[in-house]
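Below you'll find the structure I mean.
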Amino acid sequence: MTPSTTARAAELLQEALDAYRDEPGAVEALQRYQRRLAEPLRVAIAGMVKAGKSTLLNAIVGEEIAPTDTGECTRIVTWYRHGHTPRITLYPKAGDPRILPLKRTAGRLAFVLDGARAEDVDRLDVEWPSPALHAMTLIDTPGIASLSQDVSARSSGFLIPGDAPSEADAVIYLMRHMHASDVRFLESFRDDGAARSGTVNAIAVLSRADEVGAGRIDSLISAADIAGRYSQDPNLRKLALGVVPVAGLLAQSARTLRQSDFESLELLARMDRAARERMMLSADRFRRSSDTQGLTEEARASLLERYGLFGIRLAAVLINNGFADPTPLAHELARRSGLNPLLELLDRQFLARAEALKARTAVAAVENLLRSRPRPDTEALAAALERLQAGAHEFRELRLLADLRTGGVDMRAELAAEAERLIGGRGTAVPLRLGLAPDAGAAELAAIARACLARWRVVAANPLIDRSALEACRVVVRSCEGMLADLSGVKVA
Ligand SMILES: Nc1nc2c(ncn2[C@@H]2O[C@H](COP(=O)(O)OP(=O)(O)OP(=O)(O)O)[C@@H](O)[C@H]2O)c(=O)[nH]1
Ligand SMILES: [Mg+2]
């Protein structure tokens, strides 16, 4: 990522500040965007009620911090950002922010609202010393499309404000099945201010994937099939950069596996397999079963809550197959939860593009300001905005990526697929763009990049080429040149 796009976005914000210096509201907003440009990328976790958002957030952070109960707090937008010491700040809709006491119940943070009602709280801000929050700020949002229109409106209003860029630069959208309301949400997130240029900045998660096959041991395989189908769905392809199945509960509990969990699971693993399977026919049966190797009712309830039937079954099988210590078991459970592919996707699609996505937000803010508060002396600012929008190669790549995914480029399918890869559709690292292994040597990378460049120059030179395709070719050619320039800094073996 060239720093120049970020620098140019910062310059644009400064120009806007100069142009609007006599409008305090605009100045304050622009200063916020200046600070935001320097902050980590903001990734919101959204989805319908009980889709598993807070649980997945905990899995990504690797700690059980976000509350997943049914309390008031799941109805409040909550930010989790990196801080050296833990601190929770409540921002009311009216009045000054205040620090909340740090209270934990069974390891999880408990937000003591101190008399405030959820509807009067604008947001909670949690600073937490977790390495996962270094690169991105995670935002837990209340479930959308809920029975409570009010809660739903709070999430949508925050993510899709309508009159300003979204507070989030990108979104992880959880769904258990694909509903019309999921598609509607993603459409509005894409169409909102931050994404008016058509940037696709959402990743979809098929959540609670362990429940797809009713907790059977092959549940995640069935979930992967469904996710595969969804990712080919033309509606969803336009809106999300990928669809991955994740058993968030298992991921969360694996990453925080306790010695007592392990001991309980070990007891179950030692049981006769048929007896164990009988006992695990349903959650209810497991809870009420008496034939349990000395496992208390409390221990069984805790296992169910933390791992679900699927996780318990899988853990017992794994223990019997040699994962006989807590650490290897935890790693294997986390691996099987589907969390890693999601983290990789986040890394490739969001973090590797963090500067471009943040710069986009800044540009959208200025665009919005010019539209909502037009004034006579802003021609120079509007021209600078247009130059940056049209000229920054990262933006052109993001725009083309969206166009290709929406079928807006008249090009043969194989060429379109190659173009999508070369402009970073699978991730921005050079080997990913070139379709090579991550450890490919510099000489091989350069040779393939050169071959791609030559091929795409030929495609672009075709006199019969459609206009949309010609623009696409130009972007691809520029991406290939960019790769070669990057690679020329590397010593070729
Ligand atoms: N089996 C299973 N249960 C899950 C999974 N993820 C979450 N749950 C359970 O689903 C319930 C809701 O989970 P949350 O993480 O609170 O869901 P949420 O989307 O944050 O819910 P709201 O914020 O209230 O909309 C809890 O009882 C979780 O234990 C999962 O991957 N598998
Ligand atoms: Mg929640």
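Give just the number: which of (1) surrounded by 14 or more Cβ atoms within 10 Å (Cβ to Cβ); (2) away from ligand 2 (no atom under 16 Å from the Cβ); (3) more than 19 Å from residue 167 (Cβ to Cβ) does residue 109 not satisfy?
(2)
Now, a different point. Considering only the range 1-36, how many residues are within 27 Å of residue 481 (Cβ to Cβ) and of a type outside the set (Lys, Arg)?
11
Within the range 65-105, how many residues are in a loop (DSSP other than H, G, I, E, B) and either over 17 Å from residue 250 (Cα atoms) or away from ligand 1 (no atom under 16 Å from the Cβ) (or both)?
Final tally of qualifying residues: 15.
If I filter the range 183-208 down to residues being modelled with pLDDT of 75 or more and touching a Lys or Arg at 6+ places or on another chain (Cβ under 9 Å), which single residue comes out as surrounded by the most Cβ atoms within 10 Å (Cβ to Cβ)? Before the answer, list the steps.
Here is the first cut: in the range 183-208, the ones modelled with pLDDT of 75 or more are 183-187, 201-208.
Filter once more, so that each one left must be touching a Lys or Arg at 6+ places or on another chain (Cβ under 9 Å): 186-187, 201-202, 206-208.
Working: 186: 23, 187: 14, 201: 28, 202: 24, 206: 25, 207: 30, 208: 25.
Within the range 183-208, the match that is surrounded by the most Cβ atoms within 10 Å (Cβ to Cβ) is 207.
Related question: Taking residue 399, is it among the basic types (Lys, Arg) and not in a helix (DSSP H, G or I)? Full working, then the answer.
Numbers: among the basic types (Lys, Arg): yes; not in a helix (DSSP H, G or I): no.
It is false that residue 399 is among the basic types (Lys, Arg) and not in a helix (DSSP H, G or I).
Hey, can you tell me all the residues within the range 449-493 that are within 33 Å of the chain's Cα centre (by Cα) and part of a loop (DSSP other than H, G, I, E, B)?
Selection gives 489, 490.
Only one of 250, 241, 257 is closer than 23 Å to residue 60 by Cα, surrounded by fewer than 22 Cβ atoms within 10 Å (Cβ to Cβ) and in contact with a Leu (Cβ under 8 Å, 6 or more places away or on another chain). Can you tell me which?
Only one candidate passes the filter, namely 257.
Those residues that are near ligand 1 (Cβ under 9 Å from one of its atoms) and either surrounded by 22 or more Cβ atoms within 10 Å (Cβ to Cβ) or at pLDDT 90 or above (or both), I need them from the range 49-64; list them, please.
Taking the range 49-64 first, the residues near ligand 1 (Cβ under 9 Å from one of its atoms) are 49-59.
51, 52, 53, 54, 55, 56, 57, 58, 59, listed by residue number.
While we're on this one: Given (1) assigned to a loop (DSSP other than H, G, I, E, B); (2) surrounded by fewer than 17 Cβ atoms within 10 Å (Cβ to Cβ), where does residue 387 come up short, assuming only one miss?
All conditions pass for residue 387, except number (1).
For every residue, the table says whether it meets (1) within 24 Å of residue 127 (Cα to Cα); (2) touching a strand residue (DSSP E or B) at 6+ places or on another chain (Cβ under 7 Å).
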site	(1), (2)
15	no, no
34	yes, no
54	yes, yes
58	yes, no
83	yes, yes
106	yes, no
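With in contact with a strand residue (DSSP E or B) (Cβ under 7 Å, 6 or more places away or on another chain), touching a residue at least 24 places away in the same chain (Cβ under 8 Å) and buried (at least 16 other Cβ atoms within 10 Å of the Cβ) as the only criterion, which of 401, 434 stands out? Walk me through how you get there before you give the answer.
On the way: 434 fails: in contact with a strand residue (DSSP E or B) (Cβ under 7 Å, 6 or more places away or on another chain).
Result of the check over 401, 434: 401.
For the range 273-348, list the helices (runs of 4 or more DSSP H) that sit wholly inside it and hold at least 1 residues that are closer than 17 Å to residue 246 by Cα; which are they?
Values: elements: 273-279, 283-288, 297-320, 326-336, 339-345.
In the range 273-348, the matching helices (runs of 4 or more DSSP H) lie at 297-320, 326-336, 339-345.
Which one of these does residue 308 not meet: (1) at positive phi; (2) surrounded by fewer than 18 Cβ atoms within 10 Å (Cβ to Cβ)?
(2)
Ok, one more. Which residue is nearest to residue 201 (Cα to Cα), if the candidates are limited to the range 232-282 and must be within 16 Å of ligand 2 (Cβ to nearest atom) and small (Gly, Ala, Ser)?
Among residues in the range 232-282 that are within 16 Å of ligand 2 (Cβ to nearest atom) and small (Gly, Ala, Ser), the one nearest to residue 201 (Cα to Cα) is 248.
The values are calculated or read from the model by the stated rules, or taken from the named source; none is laboratory data. These numbers were taken from a predicted model, which means no experiment stands behind them. Quick reminder, even Gly has a Cβ in these numbers, built from the backbone with ideal geometry, and neighbours come from all protein chains shown.
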